[in-house]
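The values are calculated or read from the model by the stated rules, or taken from the named source; none is laboratory data. Only a predicted model underlies this, so the values are computations on that prediction, with no experimental measurement involved. Neighbour counts are summed over all protein chains in view; Cβ atoms, including those assigned to glycine, are modelled from backbone coordinates with ideal geometry. In case anyone asks, the SASA skips ligands and DNA or RNA and just uses the protein heavy atoms, side chains included. Shrake-Rupley method; radii C 1.70, N 1.55, O 1.52, S 1.80 Å.
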Amino acid sequence: MSLVEQFETEDLHPIDIVEGLAEHHDWEFDRVADDQIAMAVEGQWRTYSVTLAWSGYDETLRLVVTFEMDPPEGRFSALHEVLNSANDMCWTGAFSHWAEQKLMVYRYGLVLAGGASAGPDQINRMMRNAVMNCERFYPAFQLAVWGERPAKEALQVAIAEAYGRA
């Protein structure tokens, strides 16, 4: 049965759909508020913190995936170089580093203006792609920062499709 068949999506809040997907995938989750949900998604490299929030003001479903990244002193420029190159390879979403929180962040916003709605398959794909991008580039970030490899060399590990569970 497809995800669409499992949900009656007409007039269903996007975060309700995400909650159903979290239950479907057996992910730990916390419904933070009516418009926000946080969950833990197990990948090959680590467990990712995934948060989705609905903004009615700008009609956007925001997805944020985080994982710890605390580069040693003197390696921030290497991180930024590989991060910028990784963003050039991403078609959806983008990475940034929140130094104060010691987190690598992958963000994506799905605009649903004019009363558009997203279905479970679309939201599931959005979440899956976000985690897969984190899985894909995590080794490159590690190689550039702790392995002290040049960004171009570190990104060679990201050329092949990553394998994980999302």
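Quick grid of which residues meet (1) among the β-branched types (V, I, T); (2) farther than 30 Å from V157 by Cβ; (3) in contact with a Ser or Thr (Cβ under 7 Å, 6 or more places away or on another chain); (4) buried (at least 17 other Cβ atoms within 10 Å of the Cβ):
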position: L21; (1), (2), (3), (4): no, no, no, yes
position: D26; (1), (2), (3), (4): no, no, no, no
position: Q44; (1), (2), (3), (4): no, no, no, no
position: W54; (1), (2), (3), (4): no, yes, no, yes
position: M69; (1), (2), (3), (4): no, no, no, yes
position: G74; (1), (2), (3), (4): no, no, no, no
position: E81; (1), (2), (3), (4): no, no, no, no
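Under the condition of being farther than 30 Å from W146 by Cα, assigned to a strand (DSSP E or B) and modelled with pLDDT under 95, the residues counted in region 34-54 number 0. Checking E161, E100 one by one, the residue that is out of contact with any Lys or Arg (no Cβ under 8 Å at 6 or more places or on another chain), open to solvent by 10 Å² or more (accessible area, probe 1.4 Å) and either among the charged types (D, E, K, R) or at pLDDT below 95 (or both) is E100 and no other. Residues of region 10-51 that are of a type in the set (S, T, N, Q) and touching a strand residue (DSSP E or B) at 6+ places or on another chain (Cβ under 6 Å): Q36, T47, S49, T51. Close Cβ contacts (under 8 Å, 6 or more residues apart or on different chains) running from residues in region 84-105 that are at positive phi to residues that are open to solvent by less than 60 Å² (accessible area, probe 1.4 Å) comprise G93/L63; G93/Y106; G93/N129; G93/A130; G93/N133; K102/M69. The number of residues in region 65-117 being of a type in the set (A, V, I, L, M, F, W, C) and farther than 13 Å from A140 by Cβ comes to 14.
Rundown of residues vs (1) of a type outside the set (G, A, S); (2) within 15 Å of E135 (Cβ to Cβ), yes/no style:
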{"site": "R31", "(1), (2)": "yes, no"}
{"site": "Q44", "(1), (2)": "yes, yes"}
{"site": "T51", "(1), (2)": "yes, no"}
{"site": "D58", "(1), (2)": "yes, no"}
{"site": "E73", "(1), (2)": "yes, no"}
{"site": "A78", "(1), (2)": "no, no"}
{"site": "S85", "(1), (2)": "no, no"}
{"site": "C90", "(1), (2)": "yes, yes"}
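Considering region 106-149, and only residues there that are of a type in the set (G, A, S), modelled with pLDDT under 95 and open to solvent by 30 Å² or more (accessible area, probe 1.4 Å), the residue that is farthest from A38 (Cα to Cα) turns out to be G147.
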